Amino acid sequence: MIADHQGPRSGESPEQREDRNLGELLQELRVAGLGVQVLFGFLLSLPFTTRFDRLSGAQRDLYVACLLLSAVATALLLGPVAYHRLVFRRGLKEGLVRAASVMATAGLATVGLAVSAAVLLVTSYVTSNTAAAVITALVACMFGMLWFAFPLVRRREGGGESLARGPKAVSAPAWG
């Protein structure tokens, strides 16, 4: 998540850079954590509804997978907060940012899987299995492309900003 390869900003000390990286990462985790907590809460309440009994055995297994993926995502996205609390003011900020970035990236991947599994669960209940599979595949591809493929391609291209030059121009793809 935090990949600050541009070096310090003008006049920024290494300590200020670590503070900025940590602050940016914690803000990202606030946003992502809220989304997975809403999904997790919904999944926790689902078995207590009257229609839950109508799920097939496969749908119940899928429900359990969704629930577990949401729990793992919650742990990964909240892990950096607990880590921060335990190492606060101990001079371990650089290690904290690195570990938190790994946890956050793994947490986002797990959120994508949890949401995709939830989409499969709901669409398998209301549509045909084929439609459910196609819809879920499209949703999973969207997460993979937007959350991982696109940023990794931009990172490999060296995409980013230079304080002197501003953002690099992004050319539109040639479609024809």
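The values are calculated or read from the model by the stated rules, or taken from the named source; none is laboratory data. All values derive from a computational prediction rather than experimental measurement. So basically every Cβ, Gly included, is an ideal-geometry build from the backbone, and we count neighbours across all protein chains shown.
Odds and ends about this structure:
- Number of positions in region 59-96 that are closer than 16 Å to residue 116 by Cβ, over 23 Å from the mean Cα position of the chain (by Cα) and surrounded by fewer than 15 Cβ atoms within 10 Å (Cβ to Cβ): 1
- Unmet requirement for residue 130, which otherwise passes all of (1) surrounded by 14 or more Cβ atoms within 10 Å (Cβ to Cβ); (2) among the hydroxyl-bearing types (Ser, Thr, Tyr); (3) over 30 Å from residue 15 (Cβ atoms): (1)
- Among the conditions (1) under 30 Å from residue 158 (Cβ atoms); (2) in contact with a Gly (Cβ under 9 Å, 6 or more places away or on another chain), residue 16 misses just one, which is (2).
- Residue match in region 129-137 (condition: at pLDDT 95 or above and of a type in the set (S, T, N, Q)): yes
- Residues (among the small types (Gly, Ala, Ser), over 17 Å from residue 124 (Cβ atoms) and touching a residue at least 24 places away in the same chain (Cβ under 8 Å)) located in region 16-66: 32, 33, 35
- Any hit, region 25-47, residues being surrounded by 13 or more Cβ atoms within 10 Å (Cβ to Cβ) and farther than 25 Å from residue 119 by Cβ: yes
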